[in-house]
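Scroll down for the structure; my scribbles are underneath it.
Values in this text are rule-based calculations from the coordinates and carry no lab data. None of the values given here were measured: they were computed from a predicted structure. Don't worry about glycine lacking a Cβ; one is built from the backbone with ideal geometry, like all the others, and counts go over all protein chains shown.
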Amino acid sequence: MFIKYKMIFIVIFLIFPLSSLSQSHYRKNLNMINVAVSAFPETLDPVKVWNYQHYLLVQCAFQTLIRFDESGSIVGDLAEKWEISSDKKIYTFYLNRNTKFHNGHLVTADDVAWSMSRHFWPKSESITGSYLEKVLSNSKLLQYGEIHPSINVINDYTIQFHLKSAYPALIYILSMPAFSILQKSNISTKIPIGSGPLKAEYSSDSESLIFKRYENYSNIKPSIKKISVFKLKYTVEENELLKNNNIDIIIGFPRGEIENVVLPVEYELKKMSGLIYTHLFFNLSKNRFKNKNARKYISNAIQKSFNSSSDFSKFYSYNPYYFPKGVMPIEYYKKSVNSDYVFSSKKLDLLENIKILVQKGNINNKMFQIFEDTFLKLGVKVKWNFVDLNFIDEIKKNQYDLLIAGYVGNFPDPDGYLDPLKSNSIINFGNIPTDSLFKELEKYRFISEPVERLQKYSDSFKRFENEFYFIPLFQASLPIIKKKNIVIPEEKFRYEGELWKIFWK
């Protein structure tokens with residue numbers, strides 16, 4: 001049985017010293033904000049970053065063609081406007097002619113084509129290029145430096161994307177920070193040249209990043225003049241969280257370890273909404289889960305337990321669907337769940353002991369207890385396997401029976417949530433047989449009418465979820481510790497918020 005442990009408190013020790021700032025001077029300096037992150041990036045190259053914390057920083061220094069605003073609407077960023085052809089296969093973007101990179105050079109369509117094509121060059125480290133590659137009209141292996149043949153430069157400020165067929169989600173894909181625009185052929189290993197609202201530089205020891213307001217930014221300028229981002233080094237101590245009051249925002253604490261932390265009076269814990277799920281996945285390579293009725297029996301029991309315990313977490317809400325709410329049509333979220341099903345628990349004898357793999361700190365004590373109590377009622381004893389930074393490597397070992405895992409959609413479309421279900425994915429969850437599902441989705445991916453397309457996806461996933469390959473459970477939010485008088489934009493419709501828009505009240 002999972003043993004309850006005393007709530008731990010994390011003490012932050014900044015590698016980069018801030019002791020030179022007196023408290024009185026610091027409180028008066030409303031032109032800067034100090035941010036501490038747990039996943040400090042080694043580079044800000046948009047092709048190479050992978051973590052949501054990295055993307056928060058990337059979108060400070062770079063621009064995409066289009067972006068989401070706070071209301072969830074798509075608006076222009078580098079692009080002033082765009083047109084879609086009558087057959088919906090050609091997207092033409094017209095760039096803002098006054099946009100300049102941080103070194104003063106104008107942003108052109110050549111820079112856009114070059115930045116996009118980098119995702120498809122040999123040895124590219126991009127984890128997002130496949131989203132674009134599979135919908136472009138031509139698919140070929142590019143040579144280093146070659147421009148993708150489906151991306152055409154019309155003139156200095158006009159660029160076209162040619163698709164194999166209509167694909168409504170293209171706009172969402174192009175809003176991803178990974179598809180930020182860099183200056184052509186002028187790239188460093190750490191910080192390429194961008195045109196974003198803030199200009200970034202690493203400290204001499206590479207343990208901190210300094211973002212300064214770019215006064216020639218072509219859109220609405222940030223309220224703040226400077227954001228300092230520091231690498232965290234934290235250890236465990238009792239009864240204390242923050243010793244260095246020069247930190248204004250802390251990002252990256254595990255949800256399960258921070259829920260009941262007592263913060264200093266000037267701080268608060270903020271929930272950042274996001275299109276995030278956390279579910280329980282059966283390992284379908286195990287014989288014990290070949291029986292669909294057994295999977296259904298377990299699924300119903302677990303879902304009922306969490307459905308009746310609405311206050312189990314500050315950062316998780318019960319959501320018994322694969323997709324977070326806000327991604328699929330409302331009809332998808334009306335399917336029947338937790339229906340009564342009679343199945344003899346004696347058939348679960350083979351599950352006397354069950355090994356559940358979970359990332360350390362991901363869920364809290366109360367959630368652990370609900371899992372344990374429910375399995376005990378089924379005659380099953382849980383053996384927990386907690387892992388930390390090597391979570392993906394542990395999944396690959398395939399030694400678990402059940403897996404508690406979460407995923408953040410790369411864009412608010414069902415295609416942004418499919419990677420964990422792909423057999424060839426580096427984050428494959430549960431060895432689920434999905435070949436037939438993906439063949440079915442291929443029929444619907446290029447339906448030009450968005451409502452019809454999403455309805456087809458919805459119908460397919462309803463059938464797929466009725467196989468009970470996994471137990472849909474939670475929609476999650478991100479915890480951020482911040483000073484009470486700092487405002488952070490919401491991120492309901494995005495993969496990540498826009499950190500550069502933070503400001504003091």
Residues of segment 462-485 with backbone N under 13 Å of the label point set 7 Å from the Cα of Ser317 along Cα→Cβ are 474-478
If the label point sits 7 Å along Cα→Cβ of Asn29, residues of segment 203-229 with amide N under 11 Å come out as 226-228
CD proxy, 222 nm, the chain: helix-only mean residue ellipticity via -39,500 (n - 2.57) per DSSP H run with n ≥ 4, per residue, nearest 500, stands at -5500 deg cm²/dmol
About its Cα centre, segment 65-179 carries a charge dipole, from +1 on Lys and Arg Cβ atoms and -1 on Asp and Glu Cβ atoms, whose size in debye to the nearest 20 is 280
About its Cα centre, segment 275-477 carries a charge dipole, from +1 on Lys and Arg Cβ atoms and -1 on Asp and Glu Cβ atoms, whose size in debye to the nearest 20 is 560
Within the under-12-Å Cβ sphere about Glu449, not counting Glu449, Lys/Arg +1 and Asp/Glu -1 give a net charge of +2
The equivalent-ellipsoid semi-axes of segment 275-477, taken as the square roots of five times the Cα gyration tensor eigenvalues and listed largest first in whole Å, are 27, 18, 18
For Asp156, placing the label point 7 angstrom along Cα-to-beta-carbon and taking segment 179-205, residues whose amide nitrogen sits under 20 Å are 181-186, 194-196
So Ile392 and Lys355, fully extended at 0.36 nm per residue minus their Cα-Cα distance, gain in nm 11.7 nm
Taking a straight Cα-to-Cα line shorter than 16 Å from Lys366, and setting aside same-chain lysines fewer than 8 residues away, one finds Lys4, Lys6, Lys304, Lys314
Relative contact order of segment 65-179 (C-alpha contacts under 8 Å, at least 6 apart) in percent is 28
The chain: relative contact order from alpha carbon pairs under 8 Å, six or more residues apart, as a whole percent, is 23
Scoring only Lys, Arg, Asp and Glu (+1, +1, -1, -1) among other residues with Cβ under 15 Å from the Cβ of Ser117 yields -2
Length gained, Lys381-Glu467, 0.36 nm per residue minus C-alpha separation, equals 28.5 nm
Taking every other residue with Cβ under 9 Å from the Cβ of Lys484 and scoring Lys and Arg +1, Asp and Glu -1, one gets +1
For 295-304, 457-466, ranked highest to lowest by mean beta-carbon neighbours within 10 Å, the order is 295-304, 457-466
Under the 7 Å Cα-to-Cβ spin-label approximation, Ser124 and Glu215 lie apart by a distance in nanometres of 3.7
If the chain between Ser285 and Lys134 were fully extended at 0.36 nm per residue, the gain over the current Cα-Cα distance would be 51.5 nm
Placing +1 on each Lys and Arg Cβ and -1 on each Asp and Glu Cβ in the chain, then taking the dipole about the Cα centre, the residue among Ile154, Gln359, Tyr144 whose Cα reaches farthest towards the positive end is Gln359
Asn260 and Ser204 label points (each 7 Å along its Cα→Cβ direction) are spaced in nm at 4.6
Rounded to the nearest whole number, the Stokes-Einstein translational diffusion coefficient of segment 65-179 at 4 °C and 1.567 mPa s (Kirkwood radius, C-alpha pairs) in µm²/s is 89
Per-residue Cβ contact counts at 10 Å, fewest first, order Trp82, Trp50, Trp114 as Trp50, Trp82, Trp114
The ³J(HN,Hα) series, computed from each phi in segment 88-95 with the Karplus coefficients 6.51, -1.76 and 1.60 at θ = phi - 60°, rounded to the nearest Hz and given as x for glycine or proline, is 6, 10, 10, 10, 10, 10, 10, 7
